[in-house]
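Pasting a structure here, questions to come.
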Amino acid sequence: MNAPTETRLRHRKMDVKTGRVDLSHGSGGRAMAQLIAEIFHEAFSNEWLDQGNDQATFPAPAGPGGRMVMTTDGYVVSPLFFPGGDIGSLAVHGTINDVAMGGARPVALSASFIIEEGFPLADLQRIARSMGAAAREAGVPIVTGDTKVVERGKADGVFISTAGIGVVADGLELGGHLARPGDRVIVSGSIGDHGVAIMSSRENLTFDTAILSDSAALHRLTEVMIAAGGPSLRLMRDPTRGGLAATLNEVANQSKVGIRIEEDRLPIKAEVLAACEFLGLDPLNVANEGKLIAVVDASAAEAIVAAMRAHPLGRDAAIIGEVIEDDQHFVQMTTAFGGGRIVDWLSGEQLPRIC
Amino acid sequence: MKYVDEYRDGKLARAIAATIAQEADPAKTYHFMEFCGGHTHAISRYGLEDLLPANVRMIHGPGCPVCVLPIGRIDEAIELAKNPKVTLLTYADLMRVPGSKGRSLIKAKAAGADIRMIYSTLDALRIAEENPDREVVFFAIGFETTTPATALAIKAAAKKGLANFSVFCNHVLTPSAIRAILEAPKTGKLPPVKIQGFIGPAHVSVVIGSKPYRVFVEEFGQRIVVSGFEPLDVMQSILMLIRQVNEGRAAVENQYIRAVVPGGNLAAQKLVDEVFDLRDTFEWRGLGHMERSALKLRDEWARFDAEKRFVVPRIHASDNPACECGVILIGAKQPADCKLFGTVCTPETPMGSCMVSSEGACAAHWTYGRFRDKAKRQDERRIAS
């Protein structure tokens, strides 16, 4: 027997293929419940999210480590889909990385969506599924979330805001203030991939490149590094906006030291170099979403790099320079040409909305 | 990267540096001006200063299009952009150049003016086509390098029948600026600067050729080596200038033979000539008003001339009195000599245009070279005591 008409209507699936988000999807009514169920629960499903409460209740993380880290991040990237990823996978990777750079094992994520009226449901589903896949692959569940819909023109497609928590093992002390003269600086792989991939897909720039964003969750790589380096690790950072240059300058200022790197040792893909040349960018200022830098005690540097190279995300890891004494806290680079130069923060905007 | 790495080879650079060290006469000093900001950038970016002997001194010249634009023109562009019908298109460098009273295009944009950054004149045409009810104005600046592209855009707009596209023209001429610097001792309008030779423009010379510089040899006994923008080009050109000085010669020589011929790019010159005419006079930052030093649209293209299409108020504004951009632009002072450098004037809060453009002498020194200042100051103090 057929179900009563009313029930059948209520159970009719959303038209994801051609439908669009409208204001009713944010109004707290049935349409919103349906959007959450059919887009987000379908994509993220895990036992904590599926409790369906306004908060996720889960047991305190087991294992060693009495300290937790917490981070929050916002994603407003344009375009939403780019070679090698999209705003969804980027949000998961970026949040996990912020947790992992503190030396922590990521435990859970939250995600909040601000969606512009008129946004295609198919794109929203694609983003949610990409997020769900990234979270599953990383083994870090999205345990709670929120959605809001704003009028057309009040947002640009979709903005995602996240939080992440993790647990730090006992005895591990990492921080941007801990670099000391003599320490080595390590980068986990080629720099500038993400920024160039985003740049190549911007509508006002028509150039083709095979470069994919390097967007990736780095917590398994940091696990390897912690195992190999332990207390020799001073700090880890992911050089996202502002690129390697900004991150090294942050460290130099926080630790009140100078840093000198060697241009010859920087891993940069030929295609990235070519695109930067063409667009007048410095790869040192271009964003990364799947790379990290680490400052480590000199005696452990080689061993840490060897361990990183055995991991797929650290295959091109390299020691690129060292921490030096400098009361002006400059980051300097010996150029491949043999002269010296400063590696400065970027002034103003190089790439609008890259993450 | 093919055809780029070859010109950045560190080993070759050290070989040229060794030859320079060998041939530069320790009893002499060599003062060379690199005219172009592109050369300034290469010198700073690759740390060439570290590869040259102390008696070879490079003086930064005025060849930075953003830097020589007087702030009155920025004010005028802001006034243009305030017109609610106007969409103003500009290269990104210009966005942060300070106008008078702390104004800039980026602040005007934040306040609601429709100002957009573009990468090429093709973007400008596309935006005009896509927005037929907007008055799309391209803020055209640059030396001879960028002028042909603007000419081409105007001709293309005419062909497409675009009625909503116009150009706010600020194109200027390289030889006029070189002449002003060389005539400084005679005119007394600018502080004289000791220059024994010029690293001549790269891309400008692709368009105008090397011939237009001959007059500076004949009239002023100057040396000019037209040079590519890659660091090895610059090193080789410095060596060529040192040899001219040592041999007591003065000539126009062409290091950039892979791109520059004596007559230049005739097709580009013809295009520019078709669309543009000389202005009687134009104000340059640092160099002041110079006769026949800039271009305007010819009368037959007047409908594409933003200055004719709109009422653009003529604004003359003075630079901040403490800002030394003017004398830095002609090589009479170095960026670190300016009291504002690195204190109130940084790339984040530029007081003068030389701190904005990546080709500006101050920005290049700030971004790449300022780590040498402290040691230099200590050396100077040691020598003084």
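Have a look at B:VAL4, B:VAL66 and point out the one that is open to solvent by less than 30 Å² (accessible area, probe 1.4 Å) and under 30 Å from B:ALA110 (Cα atoms).
Details: B:VAL4 fails: under 30 Å from B:ALA110 (Cα atoms).
Within the list B:VAL4, B:VAL66, the selection yields B:VAL66.
Moving to a separate point now. Only one of A:GLY192, A:GLY176, A:GLY132 is surrounded by 20 or more Cβ atoms within 10 Å (Cβ to Cβ), outside the structural domain of A:ALA60 (by TED's automatic domain parsing) and among the small types (Gly, Ala, Ser); which? So that I can check it myself, show each step before the final result.
On the way: A:GLY176 fails: surrounded by 20 or more Cβ atoms within 10 Å (Cβ to Cβ); A:GLY132 fails: outside the structural domain of A:ALA60 (by TED's automatic domain parsing).
Result of the check over A:GLY192, A:GLY176, A:GLY132: A:GLY192.
Here are B:ILE106, B:ILE141, B:ILE127: which of them is among the aliphatic types (A, V, I, L, M) and in contact (Cβ under 8 Å) with a residue 60 or more places away in the chain?
Numbers: B:ILE106 fails: in contact (Cβ under 8 Å) with a residue 60 or more places away in the chain; B:ILE127 fails: in contact (Cβ under 8 Å) with a residue 60 or more places away in the chain.
Result: B:ILE141 is the single residue among B:ILE106, B:ILE141, B:ILE127 that is among the aliphatic types (A, V, I, L, M) and in contact (Cβ under 8 Å) with a residue 60 or more places away in the chain.
Report, by residue number, each residue of the range B:1-58 that is within 11 Å of chain A (Cβ to nearest Cβ) and aromatic (Phe, Trp, Tyr).
Hits for the range B:1-58 are B:TYR3, B:TYR7, B:TYR46.
Moving to a separate point now. Do you know which residues across the range B:309-347 are touching an Asp or Glu at 6+ places or on another chain (Cβ under 9 Å), of a type in the set (D, E, K, R) and either surrounded by 14 or more Cβ atoms within 10 Å (Cβ to Cβ) or within 14 Å of another protein chain (Cβ to nearest Cβ) (or both)?
Within the range B:309-347, B:ARG309, B:GLU324, B:LYS333 meet the criteria.
Okay, next question. Output the residue which, of all residues in the range B:184-223 that are part of a helix (DSSP H, G or I) and modelled with pLDDT under 90, is most open to solvent (accessible area, probe 1.4 Å). So that I can check it myself, show each step before the final result.
Of the range B:184-223, the ones part of a helix (DSSP H, G or I) are B:184-187, B:203-208, B:211-220.
Next, from what is left, pick out any that are modelled with pLDDT under 90: B:184-187.
Numbers: B:ALA184: 3, B:PRO185: 93, B:LYS186: 157, B:THR187: 70 Å².
Among those that are part of a helix (DSSP H, G or I) and modelled with pLDDT under 90, it is B:LYS186.
I would also like to ask the following. Please count how many residues of the range B:351-385 are polar (S, T, N, Q) and within 9 Å of chain A (Cβ to nearest Cβ).
Initially, the range B:351-385 is screened for residues polar (S, T, N, Q), giving B:353, B:357-358, B:367, B:378, B:385.
From what's left, within 9 Å of chain A (Cβ to nearest Cβ): B:358, B:367.
So the answer is 2.
Being in contact with a helix residue (DSSP H, G or I) (Cβ under 9 Å, 6 or more places away or on another chain), acidic (Asp, Glu), at negative phi and open to solvent by less than 70 Å² (accessible area, probe 1.4 Å), is that true of even one residue in the range A:40-52? Lay out the reasoning, then the answer.
The first filter runs over the range A:40-52 and keeps only residues in contact with a helix residue (DSSP H, G or I) (Cβ under 9 Å, 6 or more places away or on another chain), leaving A:40-46, A:49-50, A:52.
In the following step, the residues that additionally are acidic (Asp, Glu) were identified as A:42, A:50.
With the extra rule that they be at negative phi, the set shrinks to A:42, A:50.
With the extra rule that they be open to solvent by less than 70 Å² (accessible area, probe 1.4 Å), the set shrinks to none.
Taking every residue of the range A:40-52 in turn, none turns out to be in contact with a helix residue (DSSP H, G or I) (Cβ under 9 Å, 6 or more places away or on another chain), acidic (Asp, Glu), at negative phi and open to solvent by less than 70 Å² (accessible area, probe 1.4 Å).
Could I ask something else about it? Which of the residues belonging to the range A:245-290 are away from chain B (no Cβ under 11 Å) and β-branched (Val, Ile, Thr)?
A:THR247, A:VAL251, A:VAL257, A:ILE259, A:ILE261, A:VAL286
Let me ask another. Looking for whichever is in contact with an Asp or Glu (Cβ under 8 Å, 6 or more places away or on another chain) and not basic (Lys, Arg) here; the options are B:ASP280, B:ASP273. Which one fits?
Values: B:ASP273 fails: in contact with an Asp or Glu (Cβ under 8 Å, 6 or more places away or on another chain).
Testing whether each residue is in contact with an Asp or Glu (Cβ under 8 Å, 6 or more places away or on another chain) and not basic (Lys, Arg) leaves just B:ASP280.
Out of the residues in the range A:295-336 that are surrounded by 16 or more Cβ atoms within 10 Å (Cβ to Cβ) and of a type in the set (Ser, Thr, Tyr), state the one that is farthest from the other protein chains (Cβ to nearest Cβ).
Among them, the one singled out is A:THR334.
Looking at the range A:215-241 only, could you name the residues that are within 11 Å of A:ALA287 (Cβ to Cβ) and open to solvent by less than 20 Å² (accessible area, probe 1.4 Å)?
If the condition is that a residue be within 11 Å of A:ALA287 (Cβ to Cβ) and open to solvent by less than 20 Å² (accessible area, probe 1.4 Å), then A:SER215, A:PRO239 are the ones that fit.
Moving to a separate point now. What are the residues in the range B:234-252 that are within 22 Å of B:ALA27 (Cβ to Cβ) and part of a helix (DSSP H, G or I), if any?
First, pick out the residues of the range B:234-252 that are within 22 Å of B:ALA27 (Cβ to Cβ): B:238-250.
Scanning the range B:234-252 gives B:ILE238, B:LEU239, B:MET240, B:LEU241, B:ILE242, B:ARG243, B:GLN244, B:VAL245, B:ASN246.
Then there's this: Can you tell me which of A:ILE36, A:ILE87 is under 19 Å from A:GLY195 (Cβ atoms) and of a type in the set (Val, Ile, Thr)?
Going through A:ILE36, A:ILE87 in turn, the sole match is A:ILE87.
The values are calculated or read from the model by the stated rules, or taken from the named source; none is laboratory data. This is a predicted model, so every value here is computed, not measured. Note: ideal-geometry Cβ built from the backbone for every residue, glycine included; neighbour counts use all protein chains shown. Remember, those area values only see protein heavy atoms, side chains included, never the ligands or the DNA or RNA. Shrake-Rupley method; radii C 1.70, N 1.55, O 1.52, S 1.80 Å.
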